[in-house]
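The values are calculated or read from the model by the stated rules, or taken from the named source; none is laboratory data. Since the structure is predicted, the reported quantities are computational estimates derived from the model, not experimental observations. In this analysis, Cβ positions are derived from the backbone assuming ideal geometry, glycine residues included, and neighbour counts consider all displayed protein chains. What goes into the accessible areas is simple: the full protein's heavy atoms, side chains included, and nothing from ligands, DNA or RNA. Shrake-Rupley method; radii C 1.70, N 1.55, O 1.52, S 1.80 Å.
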Amino acid sequence: MAPKKPKKAKTVEEPPAAPVQPLAVQHVLHNGDLLGIICELLHDTWKTYRSTIPTSERIHPLVALAMTNKVISAVALNTLWKHLDSLRPIVALFSESTEQSKAEGRYSSSREPALCEDIPEATWCRFDSYVHRIQGLTFSKSFSSKYLLRFAERRRPIFPNLRKLTVSLELASDPAILFIHAPRTSHIELRFPSTPDKEQTITAISTIAWNLPNIHTLILTISEERYYYSSEPAALTFSVTFNKLSSSNLRRLEIAHSVDRAMLLVFSKFQRLEHLTIHLCETGAGKEVSFTDTGFTCLTSLKIHARVAEMPKIVKIFPNEILRSLEFTDTSEPSTDRAASMEEFHALLVTKMSTLQELKLFYGTRKSNTSTRGAFGQLERLAAVRHLSYQGDVALDEDVIRHLIPSWRKMVSLHINSGRNSVPYTVLPEIAKDCPDLVTLNLNVLFPSSDTLVPPPIINHRLQRFDAPETSTLRDLQSLLDACQPARRDQRERELSQLG
């Protein structure tokens, strides 16, 4: 019997090897921080250019990445859900429940989708997997508070990682807001109408005071659609209600409506307040309000709109050398003579706040008979100031600038806009010499014609941006640069001859 031939072993064809990704690409795909930066850039680009993309091709790049690449799916979804402008994406998670309500004949074609009576556990799990990504949320006007009531039925935080919340006054005073259960929320923005309802305001602020103890930032803005139809927003005078926030962790408070001096007294008692933005109203300005020396113990930044005549009294409220940044906008009537008030305000300013690092003074275009040396001569004592901005018709002339500049050796940015008043270009070398750290300069400089231009000495400096809004022509500045740098001028002439 002939021996059997050995069977040939079956050869298994191996699939073609996947292309090996470069090592740098692999490192990026495993670096969560880099992926987060890439996704943020894609998201910002999409929001900027979305309207230019045809509707048929309008697919969010992060959606495409989340559906095609498992490595960056989580990062892409985190970016997409980080800040939501409405609850629509959250309600859309219950689409299965909406389909069930259709089958039960309870579906409505209105803007607010109906949720079924018994939401499946699988839908709740899907809900939890998305809402924990939300850090910022804006409730639109069309939002119905019934959704919050349904989301809260499981008696657990609805948005466990929510940090920033923007709502209207109507919703903030709605009892449903009590069920939002966001223990980490630290930033609240309330959109008030120009004339807010008293009861709604009291309810909203009271709710925030006891329901959100960890709030750090509270911003009260004015609804844009109503602001343009009202001459002046109404004043907020609910000192008793705002006093409920005094024991909270509030660190930043910004109020677009005007407040009276009694409210300012309440704010002085906020134990941890660091940044305050207010508009002081005219009503009650003459009333005497007694302030204690223990107020505003932590305040470092103040932005205030008020009459300059009131500022000497207001400056006395603050402890010595506590503010690091002050922005003042004068709201005096155009016919008011502010000479004495400006001098008194600036004198107190340098006495009690000589350690200011940032000072912004906006006096508008109102006329004043004050002399420049009398109004601004005392500012030379602000030796620590690094950022200074001034706007007004009281000109900072050449003599005053030459007097002040030697004291401001720490200056980093200097913005002076005094209408059409200009200083000669010969001041620039002195500024460069006395302010060695200056990076930004905005100053009306007068340049002579090219024929009479005498180049100043070249001084080393760190200036990166120079704006001269009222300069007659750019050629004046160009001529100065050419005169200071002959090699640059010769090179430019050669380039022009080649083009010629």
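Quick test of your reading of the structure: residue 388 fulfils all but one of (1) at pLDDT 85 or above; (2) open to solvent by 40 Å² or more (accessible area, probe 1.4 Å); (3) not small (Gly, Ala, Ser). Name the failing condition by number.
(2)
What number of residues in segment 176-196 are of a type outside the set (A, V, I, L, M) and modelled with pLDDT of 80 or more?
9
Six or more apart or on different chains, Cβ under 8 Å: which pairs go from a residue in segment 200-222 that's farther than 20 Å from residue 157 by Cβ to one that's among the aromatic types (Phe, Trp, Tyr) and at pLDDT 85 or above? Could you list them?
205/242
Only residues that are more than 14 Å from residue 414 (Cα to Cα), of a type in the set (D, E, K, R) and either part of a loop (DSSP other than H, G, I, E, B) or modelled with pLDDT under 80 (or both): list them for segment 424-472, please.
Listed by number, the residues that qualify are 451, 470.
Assuming residue 226 fulfils every condition listed in (1) at pLDDT below 80; (2) in contact with a Phe, Trp or Tyr (Cβ under 7 Å, 6 or more places away or on another chain); (3) part of a helix (DSSP H, G or I) apart from one, which condition is it?
(2)
Counting just the residues of segment 312-367 that are of a type in the set (Gly, Ala, Ser) and over 29 Å from the mean Cα position of the chain (by Cα), which one comes out surrounded by the most Cβ atoms within 10 Å (Cβ to Cβ)?
341
Here is a check on your reading of the model: is residue 142 modelled with pLDDT under 70, within 18 Å of residue 86 (Cβ to Cβ) and part of a loop (DSSP other than H, G, I, E, B)?
So residue 142 fits the description; yes.
Among (1) modelled with pLDDT under 85; (2) open to solvent by 60 Å² or more (accessible area, probe 1.4 Å); (3) under 27 Å from residue 343 (Cα atoms), which single condition is residue 381 missing?
The one condition residue 381 does not meet is (1).
Considering segment 354-378 alone, what residues qualify as being in contact with a Lys or Arg (Cβ under 9 Å, 6 or more places away or on another chain) and at pLDDT 90 or above?
356, 357, 358, 360
Would you please list the contacts, defined by Cβ atoms under 8 Å and residues six or more apart or on different chains, that run from a residue in segment 315-344 that is over 24 Å from residue 415 (Cα atoms) and of a type in the set (Asp, Glu) to a residue that is assigned to a loop (DSSP other than H, G, I, E, B) and open to solvent by 80 Å² or more (accessible area, probe 1.4 Å)?
Sorted first by the residue in segment 315-344, then by its partner, the pairs are 337/369.
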